[in-house]
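Accompanying notes for the structure given below.
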Amino acid sequence: MAGRDAAMNDAGAATGGPGEGSAGGGPLAGIRVIDFSIAMAGPTCSLLLADFGADVIKVERPARELTRSWGTHYHGPNKEFSGLFLALNRNKRGMALDLKDPSDLEVVEELIKTADVVLENFRPGVADRLGFGYRRARELNPRIVYCSISGFGQNGPLRDRPGLDMLLQAYCGHLSVTGEEGRPSVRIGHSAIDLLTGTHAAYGIVLALRERDRTGVGQLVDTSLYEGAIQLMTHYIAVCSGSGEVPGKSGPFFAFSSPYGVFNARDREFFMGAADNRMYRSLCELIGRPDLIDDERYKTNADRIEHRAELHEQIMPVFATKDAQEWVDLMTEVNIPASLVANVAEVIEQPQAQARDMIVHTGVENVYSAGLPIKLDRTPGSIRRRAPSPGEHNEEILAELRASRDGIGSRPGAAS
C-alpha cells in the first residue's frame, strides 16, 4: 500500500493542520455547509460536497456522534474513530456544540448566517424545536439552501417514524427479493439505501445552489430514505404493476436474465452473466455444450428464465471442472462478463482500484477508505484532511465567526 500512502501524503490528507483545506479547490470552493447530520446518509451527502471543495463544518453533540463507536475496532490516540466514521467524515472540520444550550444556539445562528447550506437528518420537526429549522434559518439567511434528510419525508402518514436502512429494506420490498426462495430474507450487505439517499441529498443541494445562482434565493431540499429505497425498486415495481405477478427471491441469480448470477467453480465462486442470445451461444460453445443452443427450452431469454433450474442442471457440473479464474479468463476472451466473487481484502488490492485512486488512506493508523467516485478533469475533487476529532476545530471556527462579525475578514474561500 506504499503507493497509496505516498499519494495521500502528497494530498496532505493526514498532515493538514488547522485552517488547511477548510475550503480547498474544486467546483464547490467557497460554499460553506453546516452539517448537523449523523449516521450514514447525511455524512455521505456532506462527504460528497466536501471532497469537491465545500467547507463542511460538522457539528456534533459534546457526547460525540454515535457512529464514532459503531463496530468493534477503534482508532486514533483516544480511540475516537471507528472505521465507518473515518470513511464518511474526511475533509470536514469539527465542532462540538450542545444544541440545547442557549449560548451554543447563538453560535449555531452565527454559523447559519455565514453558510450556504444547512444539512440535518433529524426527525421532522426536531430542528424547529431546537430553534434552527428551515423557517428560522431562512430568516437568518434568505440565501440558505436547507436540506432535510429523514426516514419517510417531511409529510405523509409515516413522517414521524424513524428511518433505518434495514427498516426501509423491509418496508419497501428489498428483503422480499433478496435471498433464496423458501429461506429467511437476507439483508443487503452494505447500507445501499443510506448511501444512495446521501447521494440524492448532495444532488438536490447542488441543484438548489445552481437555481440560487439565478434567483439569489435559497430553498428547502427534502429527501428521505424512503424515496431512495423506492427508487432502488423501480424495475421490480414496473414488472409487478405490468404483469400482476409479485416478484420473489432469486438467490444468487438475476431475476430478469438467465444464465446470469453466481456459480460454483472447482475452487470458489464466480459471477457470469450471459445477458443476451449472442453471449448464450458463446457460453454453450465454450463449455462444450453446443446442443443447448437450439434446445427449445432455452431459445430466448424468457425461455431460459422459465427453465432456469433445468438449464443450471446442465451447466453447473461443467463449471465444477475448472477453477474460477480459468472460467473468468475464458469467458472474458469471448466477451461474456465474468468475475471472481472478490472479498473485501481482495478489493483493496485490485490494480484497478489503484489506477482509479479508489482506495485511499484515511490519515489515521492503517485505515483505508473509498476514494472519490467522480472524476473531473479541470476542477477535480481532493482529499485534504482526515475526519475531525470531537470539537477539534471549535476555536478556529469561532475565531472566524468573530472576525466576520467584527468586519476584520471573511471566511476562508468565501465566494465573492
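The values are calculated or read from the model by the stated rules, or taken from the named source; none is laboratory data. Only a predicted model underlies this, so the values are computations on that prediction, with no experimental measurement involved. No Cβ is skipped: glycine too gets one built from the backbone with ideal geometry, and neighbour counts run over all protein chains shown. With ligands, DNA and RNA removed, areas are computed over all heavy atoms of the protein, side chains included. Shrake-Rupley method; radii C 1.70, N 1.55, O 1.52, S 1.80 Å.
Name the single residue, out of those in the range 171-197 being among the hydroxyl-bearing types (Ser, Thr, Tyr) and open to solvent by less than 60 Å² (accessible area, probe 1.4 Å), that is nearest to Phe85 (Cα to Cα).
By that ranking, first place goes to Ser191.
Return the pair list, or none, for Cβ contacts closer than 7 Å from residues in the range 371-394 that are closer than 8 Å to Phe52 by Cβ to residues that are among the aromatic types (Phe, Trp, Tyr) and modelled with pLDDT of 95 or more, at least 6 apart or on different chains.
Close Cβ pairs satisfying both conditions: Gly381/Phe52.
Look at the range 140-158 and say how many of its residues are among the polar types (S, T, N, Q) and either open to solvent by less than 40 Å² (accessible area, probe 1.4 Å) or assigned to a helix (DSSP H, G or I) (or both).
Step one: filter the range 140-158 for residues among the polar types (S, T, N, Q), giving 141, 148, 150, 154-155.
Now restrict to residues that are either open to solvent by less than 40 Å² (accessible area, probe 1.4 Å) or assigned to a helix (DSSP H, G or I) (or both): 141, 148, 150.
Adding up the residues that qualify gives 3.
Looking at the range 348-362 only, could you name the residues that are open to solvent by 60 Å² or more (accessible area, probe 1.4 Å), in contact (Cβ under 8 Å) with a residue 12 or more places away in the chain and out of contact with any Leu (no Cβ under 9 Å at 6 or more places or on another chain)?
If the condition is that a residue be open to solvent by 60 Å² or more (accessible area, probe 1.4 Å), in contact (Cβ under 8 Å) with a residue 12 or more places away in the chain and out of contact with any Leu (no Cβ under 9 Å at 6 or more places or on another chain), then Gln354, Arg356 are the ones that fit.
Identify, by number, the condition in (1) of a type outside the set (Lys, Arg); (2) open to solvent by 20 Å² or more (accessible area, probe 1.4 Å); (3) more than 26 Å from Leu196 (Cα to Cα); (4) within 27 Å of the chain's Cα centre (by Cα) that Glu106 doesn't meet.
Glu106 satisfies every listed condition except (4).
Quick one: would you say Ala137 is over 25 Å from the mean Cα position of the chain (by Cα), part of a helix (DSSP H, G or I) and either crowded, with 18+ Cβ neighbours inside 10 Å or of a type in the set (Val, Ile, Thr) (or both)?
Taking the combined requirement at face value, the residue satisfies it.
Give me a count of the residues in the range 206-223 that are exposed (fewer than 13 other Cβ atoms within 10 Å of the Cβ) and either under 30 Å from Leu311 (Cβ atoms) or of a type outside the set (D, E, K, R) (or both).
Number of matching residues: 2.
Could you grab me the full set of residues in the range 394-416 that are at pLDDT 50 or above and open to solvent by 90 Å² or more (accessible area, probe 1.4 Å)?
Result: Glu395, Arg402, Arg405, Asp406, Ile408.
Out of all the residues in the range 45-87, which are open to solvent by 10 Å² or more (accessible area, probe 1.4 Å) and closer than 15 Å to Gly381 by Cα?
Scanning the range 45-87 gives Leu47, Leu48, Phe52.
Of the conditions (1) touching a residue at least 40 places away in the same chain (Cβ under 8 Å); (2) farther than 21 Å from Glu120 by Cα; (3) surrounded by 13 or more Cβ atoms within 10 Å (Cβ to Cβ), Tyr226 clears all except one; give me its number.
(2)
Going through the range 14-31 one residue at a time, which ones are surrounded by fewer than 24 Cβ atoms within 10 Å (Cβ to Cβ) and either closer than 18 Å to Gly83 by Cα or at pLDDT 95 or above (or both)?
Scanning the range 14-31 gives Ala14, Pro27, Ala29, Gly30.
Which one is nearest to His174 (Cα to Cα), of the residues in the range 247-280 that are of a type outside the set (S, T, N, Q) and in contact with a Lys or Arg (Cβ under 8 Å, 6 or more places away or on another chain)?
Here is the first cut: in the range 247-280, the residues of a type outside the set (S, T, N, Q) are 247-249, 251-256, 259-263, 265-276, 278-280.
Still in the list and also in contact with a Lys or Arg (Cβ under 8 Å, 6 or more places away or on another chain): 249, 253, 259, 265-266, 280.
On the way: Lys249: 10, Phe253: 15, Pro259: 22, Ala265: 28, Arg266: 31, Tyr280: 29 Å.
Checked the range 247-280; the qualifying residue nearest to His174 (Cα to Cα) is Lys249.
Looking for something surrounded by 15 or more Cβ atoms within 10 Å (Cβ to Cβ), part of a helix (DSSP H, G or I) and either modelled with pLDDT of 95 or more or in contact with a Pro (Cβ under 7 Å, 6 or more places away or on another chain) (or both) - is there at least one such residue anywhere in the range 363-378?
So far as the range 363-378 goes, no, none of its residues is surrounded by 15 or more Cβ atoms within 10 Å (Cβ to Cβ), part of a helix (DSSP H, G or I) and either modelled with pLDDT of 95 or more or in contact with a Pro (Cβ under 7 Å, 6 or more places away or on another chain) (or both).
Looking only at the range 36-57, filter to residues that are within 20 Å of Gly371 (Cα to Cα) and not in a helix (DSSP H, G or I); which one of those is nearest to the chain's Cα centre (by Cα)?
Looking at the filtered set, the residue picked out is Met40.
Assuming Ala238 fulfils every condition listed in (1) open to solvent by 50 Å² or more (accessible area, probe 1.4 Å); (2) over 20 Å from Ile193 (Cβ atoms); (3) among the small types (Gly, Ala, Ser) apart from one, which condition is it?
Of (1) open to solvent by 50 Å² or more (accessible area, probe 1.4 Å); (2) over 20 Å from Ile193 (Cβ atoms); (3) among the small types (Gly, Ala, Ser), only one is false for Ala238: (2).
Could you identify the single residue in Leu105, Leu99, Leu111 that is outside any helix (DSSP H, G or I) and closer than 23 Å to Val145 by Cα?
Numbers: Leu105 fails: outside any helix (DSSP H, G or I); Leu111 fails: outside any helix (DSSP H, G or I).
After applying the criteria, what remains is Leu99.
Go through (1) within 30 Å of Gly30 (Cβ to Cβ); (2) free of Cβ contacts under 8 Å to residues at least 40 places away in the same chain; (3) open to solvent by less than 50 Å² (accessible area, probe 1.4 Å) and name the single condition Ala342 misses.
Status for Ala342: all satisfied but (1).
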